[in-house]
Amino acid sequence: MTVSTNKPAPSRSLTTQSSKTNVKVPEEQVSVPLPNRREFLFYIWGASLTLFAAASGGFLYWFLKPRFSEGEFGGVFREPPTSVPESGNAPFNNPTGKYWLSNSQEGVVALYKVCTHLGCLYAWVPNNDRFECPCHGSMFELWGEFIQGPAPRSLDRFAMTITTTSGAELVTNEAGDPIPVTREEIAEIMIDTGNRIKRDGRV
Ligand code: FES
């Protein structure tokens, strides 16, 4: 006697059975082709080029970026006209910018606060109407010119740009001479503490 069965053909996929789940294991693994030597070199070249471009961009940004921020010593300071003293009066002191802002018959000038002898901080002495250095006694006029003492030259100055109320821009010359302008004419002063001008001797 022949017995026929209608059992389905066994599946080609493998099954494992745990107590709760069935997990199908793929019959064939997908194989990822490895790059050949030429492709490999191409990828390396591309990665090197990307790295080089990133490094160049970073260097360019670092090179172009200003070294000092505004309002930080080494950078630019902006002073309103109210910071400028009346002509002949005691100079305006900016400790952060390390300068004195003087206004005299010579004009307006920003003086670096460090003595040109051995680097002490000199001070304004109102009773004597001049700058005096406490270390070795060098003395300087209100506009920074040498008077007497061991200092080898007059006080160093910072380059300035003065914008007037009429919109003109007056710029410090190469010698660092005071800018002849009245207080009333000044709209704003920009002092560049990154641009120090050394005087040529005791003048
Ligand atoms: S450091 Fe100023 S006089 Fe010597």
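Taken together, the values in this text are just the output of simple stated rules run on the coordinates, not laboratory data. On a predicted model such as this, the values are computed, not experimentally measured, just so you know.
Here the range 64-152 is treated as an ellipsoid with the same Cα gyration tensor; its semi-axes, largest first and in whole Å, are 24, 18, 10.
Two numbers describe the Cα atoms of the range 145-198: Rg and Dmax, which are 13.1, 43 Å.
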